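In what follows, a structure is listed as structure tokens, so that the remarks can point back to it.
The values are calculated or read from the model by the stated rules, or taken from the named source; none is laboratory data. In this text the structure is predicted, and so the values were computed from the model without any measurement. Don't worry about glycine lacking a Cβ; one is built from the backbone with ideal geometry, like all the others, and counts go over all protein chains shown.
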Amino acid sequence: MEKLYGANLTADKYRDRILAALSFYPDLRDVPIRLIHRKLRTSMAARPKGYAFNGARRTYAIYVDDVQEKAADFRNSSYAAQVGCFIHELGHIAYYVNRSNFGLIGDGAAYVTNQKFKNGYERIADRNAIIHGGGYYVYLYRTFTFEEAELPPAYLAFKRRNYTDNQQLLARHIDYLRENSVETCADYRQD
């Protein structure tokens, strides 16, 4: 993994998890990505760092909140769920790579002013995770968030407003696998 995906990754902590997540996005192999530890409202956030005319030449950051204890602390989730959180964030980066600088600026403005845009934006990252084969891992993280993390009611409502429900995510992942002729465990069930 290090040899295939590590050349453009700057990360100390969680490097193994990000490399595992990057294995679902081989098209991001040459994209510079940096992990930055920062206090956030949520567990992680992915953002472009600077601008470039060619999106593949841009540098991107995954900000991770591991500097404070909180109910939704992703460090309390399983290893696979942590990989899922990074897969979701890489879904954002996969979207950014194909956007112009002006498109990114417009997206940023819409994200902070338009709830419907914010919902769609988070679902784009989930869709990217699913079409790259990592939907199940995102489902594991979402299950941790919605069912295990004991979030305060207001924060849980925020998460439910902005992110795909974990059961919907799993159903979409299984549908995608079936539509693309990938066998699932459910295909082996005997009635």
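General remarks:
- Residue satisfying condition, being under 12 Å from ALA94 (Cα atoms), out of contact with any Leu (no Cβ under 8 Å at 6 or more places or on another chain) and surrounded by 12 or more Cβ atoms within 10 Å (Cβ to Cβ), within set ARG47, ARG17, ARG57, ARG29: ARG47
- Candidate set from region 97-135 (those that are surrounded by 14 or more Cβ atoms within 10 Å (Cβ to Cβ) and aromatic (Phe, Trp, Tyr)); member that is farthest from LEU169 (Cα to Cα): TYR111
- Search result, residues across region 142-177 that are under 16 Å from the mean Cα position of the chain (by Cα) and touching a residue at least 40 places away in the same chain (Cβ under 8 Å): ARG142, THR143, PHE144, THR145, LYS159, ASN162, TYR163, THR164, LEU169, ARG172, HIS173
- Condition check for LEU90: over 30 Å from LEU156 (Cβ atoms), modelled with pLDDT of 95 or more and touching a Gly at 6+ places or on another chain (Cβ under 9 Å): no
- Scan of region 48-69 for residues that are part of a loop (DSSP other than H, G, I, E, B), closer than 24 Å to ASN98 by Cβ and modelled with pLDDT of 75 or more, ordered by number: ARG58
- Under the condition of being touching a Phe, Trp or Tyr at 6+ places or on another chain (Cβ under 6 Å) and not in a strand (DSSP E or B), the residues counted in region 25-39 number 2.
- Residue in region 155-171 that is buried (at least 20 other Cβ atoms within 10 Å of the Cβ) and farther than 16 Å from THR42 by Cβ present: yes
- Of all residues making up region 8-47, the number that are at pLDDT below 90 and among the aliphatic types (A, V, I, L, M): 1
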